[in-house]
């Protein structure tokens, strides 16, 4: 049986064109009302210690966190994304490493390791996601925390027999999740970025994961559950929540 195309296709963020357009494509996530609460929580967890961001990207959270005086180390698999970050004011405050969040280790005494904006799903197998948790645990000092921000899969919104559900419809962007493999938990996010009469498309694959499954991964890594909120404002997480911010602690 032929290997599905999505299982071997490279991460879209390795493409310099995708990296160059990244900030504009997710401009809403750079808004103060989005970034501010995230940074406040992470700064609180970091205290006087070190913060490590897995998949630091172009520095959406790392830059304002460093501006608050937190020592930040960022790891990313994509040199083009790191190149975009290095162009920004304040980038010299962040220690940057080109590497894989499943295996690259930069310290063993972090107060907080964090992975945001659904990026755990960029790892397309359960084994890789488990390895990410173990690597996060290897970075943490006793009492340190691993924080993940992730969406809850939208399978409950699918009509019977359908595989595609919209997640964003706006004048600048159309987004649809296609659930292509429910056994291996693979979805493809189809994006249509609209700029006047020009449209840029992207269809990366992800492995969606449930909050309860993440708890088991944390347990395998020796981490204990501490909190789960619906958002960075620490709103209570319920069965109706579309996303979650989960926190596990190193004993």
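The values are calculated or read from the model by the stated rules, or taken from the named source; none is laboratory data. The model shown is predicted, which means the values in this text are computed figures rather than measured ones. Here Cβ is always computed from backbone atoms with ideal geometry, including for glycine, and neighbour counts include all displayed protein chains.
Filtering region 217-251 to residues that are surrounded by fewer than 13 Cβ atoms within 10 Å (Cβ to Cβ) and under 19 Å from residue 119 (Cα atoms) leaves only 242. If the condition is being part of a strand (DSSP E or B) and under 17 Å from residue 25 (Cα atoms), then region 172-182 contributes 173, 174, 175, 176, 177. Out of curiosity, is residue 114 under 21 Å from the mean Cα position of the chain (by Cα), touching a residue at least 24 places away in the same chain (Cβ under 8 Å), part of a strand (DSSP E or B) and not assigned by TED's automatic domain parsing to the domain that holds residue 56? No; evaluated as a whole, the condition is false for this residue.
I'd like to know if region 219-231 contains one or more residues that are in the same structural domain as residue 45 (by TED's automatic domain parsing), more than 23 Å from residue 109 (Cα to Cα) and part of a loop (DSSP other than H, G, I, E, B). Checked region 219-231: at least one residue is in the same structural domain as residue 45 (by TED's automatic domain parsing), more than 23 Å from residue 109 (Cα to Cα) and part of a loop (DSSP other than H, G, I, E, B).
Only residues that are more than 12 Å from residue 114 (Cα to Cα) and either outside any strand (DSSP E or B) or in contact (Cβ under 8 Å) with a residue 12 or more places away in the chain (or both) were counted in region 125-171, giving 30. Going through (1) in the same structural domain as residue 28 (by TED's automatic domain parsing); (2) farther than 28 Å from residue 49 by Cβ one by one, residue 148 falls short only on (2).
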